[in-house]
Amino acid sequence: MRGVGLTVICKYLVAAAVVIASAAPLSAQSVRAGIDAWQRSDFAGAVAIWRPLADKGDADAQFNLGQAYRLGRGVPINLAAAKTWFERAADQGHVDAETTLGLLLFQNGDQPEGLKWLKKAADKGEPRAMLVYGTALVNGDSVTQDPALGYAYVSGAAAKGLEPAKDTLDQLDKLLSAADRKRGAEMARQLAKGAAPPAKRSAKPVQTASAKTPKPPTHVATAAPAASPPEKPVASAPRAPKSASKAAPAAAASGAWRIQLGAFSQRGSAEALYQKLEGKPALAGRHAFYIPVGTVTRLQVGPFETKAAAQAACSALGIPCFPVAAK
């Protein structure tokens, strides 16, 4: 559905991308040192470690530096600089950079270029990329509509444990024909084996309104990303349906801590995410704070009495977030 379309979804999913440690033996210690500084909230120190490595072409350092610019930690928020560093890492085949760059491009209106990078990551098995690229195929968003192939990518993301993909797959099971689901399941098996999926039966490169497989009557929507351990982007559990009966209002909370759920180029996107989460028990008695920082709006929710309580709320929500002291 357009109200929760792929552009908004991408804003949620890009928030799941976090700083990662290098797996390369020669640079792991240096990149890891930056990770350690980052986790101590020494963001400037982390940036100082990563910058010379990034200048020398280390893809992990380039991705991490892009994240620093995207989040405004250790450096001022600079989305253009973030994009540049993501591009440098993505050009080297860095799958997290490909995914994050694709999501950023997609949400900022360059859907064809974003999907190009998302397909690269999806073909490497990155579940967030598989979900967004697959949903775009089902909807025909900036790509030739192919519901069966879209079903295959979404199935692959769901098989990897991505909760929003499981929700989307449930929607597709209701929207798509049995033939498309069957063919999509076979394509998903091929994708899981690392092989190219079978070609479409139709020789027509583009489906039209008269094609045998109709476009789904509504755009498929997905939920926000799921919780992840530090340094690994994963996705979050979807919002539970609202109860038919109105719950009693929770007592107002107090304290000097909040949780930060992301930074958004548009306040409306921050508000949309909060609307999806406000019914969660972990946020009972709390409310949203929309903090303008340069050209972005940070979404914080609180208050919490202690940092530990804020961290526990993050874990209960199941999406990437972190405690911050209220100012």
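Listed values, structure above:
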read-out	value
Residues of region 232-286 that turn out to be of a type in the set (D, E, K, R) and at pLDDT 50 or above, as a count	7
Residue in region 79-86 that is within 26 Å of residue 192 (Cα to Cα) and surrounded by 22 or more Cβ atoms within 10 Å (Cβ to Cβ) present	no
Flag if residue 102 is touching a strand residue (DSSP E or B) at 6+ places or on another chain (Cβ under 7 Å), under 27 Å from residue 46 (Cα atoms) and assigned by TED's automatic domain parsing to the domain that holds residue 43	no
Test: residue in region 86-100 that is in contact with a Gly (Cβ under 9 Å, 6 or more places away or on another chain) and assigned to a loop (DSSP other than H, G, I, E, B)	yes
Top-ranked residue of region 289-309 - restricted to ones that are aromatic (Phe, Trp, Tyr) and surrounded by fewer than 20 Cβ atoms within 10 Å (Cβ to Cβ), ranked as nearest to residue 278 (Cα to Cα)	289
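The values are calculated or read from the model by the stated rules, or taken from the named source; none is laboratory data. Only a predicted model underlies this, so the values are computations on that prediction, with no experimental measurement involved. Backbone-built Cβ (ideal geometry, glycine too); neighbour counts: all protein chains shown.
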